[in-house]
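Heads up, the thing below is written out as structure tokens.
The values are calculated or read from the model by the stated rules, or taken from the named source; none is laboratory data. What you see is a predicted model; the values in this text were computed from it and never measured. Methodologically, a virtual Cβ is constructed for each residue, glycine included, from the backbone with ideal geometry; neighbour enumeration extends over all protein chains shown. In case anyone asks, the SASA skips ligands and DNA or RNA and just uses the protein heavy atoms, side chains included. Shrake-Rupley method; radii C 1.70, N 1.55, O 1.52, S 1.80 Å.
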Amino acid sequence: MDDIFGIPAPLLFGQLLLGLINGAFYAMLSLGLAVIFGLLNIINFTHGAQFMMGAFVAWMLLNWLGIGYWWALLLSPLIVGAIGVVLERLLISHLYKLDHLYGLLLTFGLALIIEGLFRNYFGSSGLAYRIPEALSDSWDLGFMFLPVYRGWVVVAAAVMCLGTWLVIEKTRLGAYLRAATENAALVQAFGVNVPRMVTLTYGAGVALAAFAGVLAAPIYSVNPQMGSNLIIVVFAVVVIGGMGSIMGAVLTGFLLGVIEGLTKVFWPEASATVVFVIMVIVLLVRPAGLFGRA
Amino acid sequence: MTLDRRSLIRTAALAAAVPALGALPSGRARAQAGTTLKIGVLTDMSGTYRDISGPTSVACVRQAVQDFGSHGFNVEVLTGDHQNKPDVGSNIARQWFDRDGVDVVVDVPTSSVGLAIAGVAREKNKVCLNSTSATSDLTGSACTPNTIHVTYDTYMLARSTGGAMVKAGGDTWFFITADYAFGHALERDTTRFVQAAGGRVVGSVKHPFPGTTDFSSFLVQAQASRAKVIGLANAGVDTVNAVKQAAEFGVTRRGTKIAVLLMFINDVHGLGLRTAQGLVCTETFYWDLNDRTRAFTSRVKDKLNNNYPAMSSAGNYASVLHYLKVAAEMGADKAKVSGAETVSRMKAMPTDDDVFGQGRIREDGRWVHPAYLFEVKKPEESKGPWDYYKLLQTTAADEAFRPLSEGGCPLVRG
């Protein structure tokens with residue numbers, strides 16, 4: 001068997017693949033953040049809590065209403081997105097004219113409150129959510145066994161990321177959105193309802209987080225802290241990719257998943273730190289991020 | 001609704017301060033004239049160990065105070081949230097000892113915090129009754145005359161769960177270990193048992209704590225090592241994630257066994273029986289173990305907000321009850337004077353309570369009582385909520401824990 005840097009090649013391939021799968025979560029979450037930041041100029045620290053809510057809503061749908069995984073994949077983002085819309089109207093919309101810091105403080109506070117409420121009600125040890133029957137098998141790839149569900153996660157995430165990118169870059173709606181970021185007053189003068197568009201954009205960004213949450217529910221522990229564990233890494237991903245760059249966020253998400261996966265083989269203790277080391281290096285060399293425009 | 005800057009900042013600052021609001025006095029147990037003993041429950045109210053300690057531990061402590069009844073002195077219970085950080089925990093404990101006149105700190109999950117608080121209690125000559133930290137160093141190299149280790153430790157877990165796995169033919173091991181004091185201690189103690197039984201450790205990875213959600217990479221590495229047993233030397237949500245993902249990757253279906261070296265009943269609840277069935281784990285208390293444990297659980301249950309006590313939270317009932325008995329015997333005024341003196345009286349008196357039954361506390365601070373090896377039931381075997389365990393094996397009190405002579409505790413003469 002061939003070795004690469006002292007690690008058997010099959011093991012390394014396996015780790016690359018697993019890294020890519022984890023990268024799918026980073027990509028989806030950083031995509032939502034990038035969309036919200038790009039169009040609203042709000043650093044949405046509630047994103048992790050909304051990811052968590054997505055998973056919890058899926059659990060509630062199943063256990064309280066008997067609604068299964070596939071419907072949850074549609075309903076949970078809609079419900080959490082609607083809650084996002086309410087939050088945006090009630091609170092966040094008052095901050096657009098102020099410095100970034102205010103939006104950050106508000107959304108951070110909201111995240112703490114939401115997580116606290118869930119913790120009070122559901123406790124901290126988590127809830128069980130099963131992998132849907134249709135995806136509970138695994139494939140023998142020769143170098144490892146890959147659960148079908150993980151394959152589904154990568155495909156679903158890739159489709160979702162590509163779809164979002166297409167909407168923003170290639171459609172008329174996307175053109176309005178981008179135009180509104182450049183000059184909201186002018187777009188409004190053309191008869192486009194900019195505040196409503198911004199609200200819906202926030203809702204869509206939140207729905208993306210909830211979608212990722214539903215995808216995560218069967219494989220990660222569904223508990224109130226599940227988002228706060230991920231969100232810091234995801235912020236690093238957005239910073240590395242370049243604030244506001246959609247494609248940058250997606251590609252960086254997948255890339256860092258792979259790098260983190262490899263670190264877990266060569267130096268496991270550092271696997272939680274490696275993303276931040278890369279962030280520091282990128283900020284020193286390219287302050288606007290890998291894909292950002294200075 | 002309008003928001004100006006000032007009210008916004010207030011809101012945000014308030015939200016950010018929420019985790020720091022832990023250390024508030026939470027009411028008197030009884031208000032009478034005379035001496036007041038103050039019990040500080042230093043615990044995790046907001047993080048990963050909340051369900052195995054936190055509010056459940058507080059309820060168990062209050063239950064002990066209530067069951068103990070009135071003996072001519074007052075008892076006050078305070079709670080503090082150490083957020084699993086040694087510096088935060090030490091600050092609260094110092095404040096309690098120096099300013100608030102707290103006499104005894106109980107619970108203290110997270111080994112790194114537990115070791116720090118044992119040091120503070122010794123420095124201030126107070127009492128520390130640690131139920132929820134796991135490291136066996138608390139009664140080994142780090143033992144003090146002021147600390148009692150109540151419920152379990154890494155040596156006992158390694159012996160009971162690890163020993164049973166080796167006996168069942170699992171002679172090659174791969175560890176997935178949380179990279180902090182507790183994980184290291186658990187891996188070290190288990191390794192000794194594996195090797196003593198003629199087994200071999202073929203590899204190990206240390207994962208960052210906290211901050212690891214995906215264990216698939218480590219599980220694949222473990223499988224590649226061809227070890228017969230994957231030993232999980234972690235706890236709480238890390239264990240839940242690792243077990244969940246091991247099931248997803250079909251680890252056990254291919255003949256590899258998972259040794260969950262530390263799992264509480266709340267973790268089983270979080271996993272669900274379908275995923276957790278067949279796992280073996282060790283606890284020193286199970287609510288449905290015997291008449292006394294059932295009686296205790298039915299008394300405390302209504303105060304628990306749908307949670308059930310694990311050995312960790314229930315241990316606080318035993319420790320506080322014993323402390324209060326000793327305080328009543330020696331006089332509450334004297335109990336306040338010297339923590340070391342109170343602890344030495346606690347060691348002299350045999351223990352008896354509904355949680356552990358009869359037991360005793362050794363001179364190194366180790367509370368000895370039987371340890372139980374459980375297997376998690378299949379979904380169809382479970383008859384009701386929280387009916388999760390069947391008893392496989394009982395290790396007698398004298399054999400469950402590390403022999404006095406092997407711990408290296410300086411308090412042990414001989």
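A few comments on the model shown:
- When A:Glu182, A:Glu115 are compared by accessible area of protein heavy atoms, the largest-first order is A:Glu182, A:Glu115, using a 1.4 Å probe.
- Under a Gaussian network description of chain A, with springs only between Cα atoms under 10 Å, the residue in A:Leu29, A:Leu262, A:Leu162 that fluctuates furthest is A:Leu162.
- Candidates B:Arg402, B:Arg362, B:Arg299: whichever shows maximal mean-square fluctuation once chain B is modelled as a Gaussian network with Cα springs under 10 Å: B:Arg299
- Neighbouring Cβ atoms from other chains, within 10 Å of the Cβ of residues in A:88-94, number 2 on average.
- Summed over both chains, the accessible area lost when A and B associate is about 4100 Å², using a 1.4 Å probe.
- For chain B, relative contact order (Cα pairs under 8 Å, six or more residues apart, normalised by length) works out to 17 percent.
- Value of D in µm² per second that Stokes-Einstein yields for chain B, Kirkwood Rh from Cα pairs, at 4 °C (1.567 mPa s): 60 µm²/s
- Based on the convex hull around the alpha carbon atoms, region B:365-405 presents an average projected area of 3.8 nm².
- Spacing of the modelled spin labels on A:Ala134 and A:Leu98, each 7 Å from Cα toward Cβ, amounts to 4.6 nm.
- Using a probe radius of 1.4 angstrom, the carbon and sulfur fraction of the accessible surface of region A:3-285 is 72%.
- Neighbour cut-off at most 13 other Cβ (10 Å), DSSP loop, trypsin sites (Lys or Arg not before Pro), region A:67-123: A:Lys97
- Relative compactness, the protein assembly as shown, computed as alpha-carbon Rg over 2.2 N^0.38 Å: 1.00
- Residues in region A:116-142 that, when all protein chains are in place, have 40 Å² or more less accessible area than the chain alone would give (probe 1.4 Å): A:Arg119, A:Asn120, A:Ser124, A:Ser125, A:Ala128, A:Arg130
- Residue-averaged beta-carbon neighbours from other chains (10 angstrom radius) around B:169-180: 1
- Across region B:90-98, computed HN-Hα scalar couplings (Karplus, 6.51 cos²θ - 1.76 cosθ + 1.60, θ = phi - 60°) run 4, 4, 4, 4, 4, 4, 4, 5, 7 Hz from first to last residue, x flagging Gly and Pro.
- Antiparallel %, DSSP beta bridges [both residues in chain B], to 5: 30 percent
- For the protein assembly as shown, cysteines whose Cβ has no other cysteine Cβ within reach (under 4.7 Å): A:Cys161, B:Cys60, B:Cys128, B:Cys281
- Taking all protein chains together and a 1.4 Å probe, the residues A:Leu104, B:Leu271 rank A:Leu104, B:Leu271 from largest to smallest accessible area.
- Cα Rg, Dmax, region B:289-414, angstrom units: 17.3, 55
- Heavy-atom accessible area, probed at 1.4 angstrom with all protein chains present, ranks B:His207, B:His184 as B:His184, B:His207, highest first.
- Semi-axes of the equivalent ellipsoid for region A:115-244, computed as √(5λ) from the eigenvalues of its C-alpha gyration tensor and ordered from largest down, come to 35, 21, 14 Å.
- Our summary gives region A:3-285 a relative contact order of 41 percent, counting only alpha carbon pairs under 8 angstrom and 6 or more residues apart.
- From helices alone, the protein assembly as shown scores -17000 deg cm²/dmol at 222 nm; the rule is -39500 (n - 2.57) for each run of n ≥ 4 DSSP H residues, then divide by the residue total.
- Set of aspartates and glutamates with alpha-carbon distance to B:Lys383 below 16 Å, sequence-local pairs under 8 removed: B:Asp288, B:Glu375
- Buried on assembly, region A:262-292 (at least 30 Å² less accessible surface than by itself, 1.4 Å probe): A:Lys264, A:Pro268, A:Glu269, A:Ala272
- Hz values of 3J(HN,Hα) by residue in region B:191-208 - Karplus curve (6.51, -1.76, 1.60), Gly and Pro given as x: 3, 4, 5, 4, 5, 5, 8, x, x, 9, 9, 9, x, 7, 10, 10, 9, x
- Partner lysines for B:Lys325 [C-alpha distance under 29 Å; skip if fewer than 8 residues away on the same chain]: B:Lys38, B:Lys124, B:Lys126, B:Lys301, B:Lys303, B:Lys334, B:Lys336, B:Lys347
- Interatomic Cα distance distribution for region A:1-93, bins of 10 angstrom, percent: 14, 32, 26, 16, 10, 2, 0
- Relative pair counts by distance (%), Cα atoms of region A:186-243, 5 Å bins: 4, 14, 15, 19, 16, 12, 9, 6, 4, 1
- Positive dipole terminus of region A:3-285, leading residue within A:Leu106, A:Leu186, A:Gly123 (C-beta point charges): A:Leu186
- Here the Kirkwood formula, the inverse mean of 1/r across different C-alpha pairs, assigns region B:120-237 a hydrodynamic radius of 15.3 Å.
- Label-point separation in nm, A:Trp267 to B:Asp387, each point 7 Å along Cα→Cβ: 5.3 nm
- Between B:Ser382, B:Ser204, B:Ser136, the GNM of chain B built on Cα springs shorter than 10 angstrom shows B:Ser382 fluctuating the most.
- Residue-averaged beta-carbon neighbours from other chains (10 angstrom radius) around A:148-157: 1
- B:Lys85 - accessible surface, heavy atoms, 1.4 Å probe, Å² rounded to 10: 90 Å²
- Apportionment of accessible area to carbon and sulfur, region B:59-153, percent (1.4 Å): 44 percent
- If the Kirkwood radius is taken over C-alpha pairs of region B:199-290, then at 25 °C and 0.890 mPa s the Stokes-Einstein diffusion coefficient equals 178 µm²/s.
- The alpha carbons of region A:3-285 give a radius of gyration and a Dmax of 19.1, 64 Å, in that order.
- Computed over region A:67-191, the ratio Rg/Rh where both radii use C-alpha atoms and Rh is Kirkwood: 1.07
- Per residue, in Å², the accessible surface of region A:3-285 once ligands and nucleic acids are set aside, probe 1.4 Å: 40 Å²
- A cut-off of 5 Å between modelled amide H atoms, ignoring neighbours fewer than 5 places along the same chain, links B:Tyr389 with B:Lys377.
- Surface per residue (accessible, 1.4 Å probe) for region B:100-241, Å²: 24 Å²
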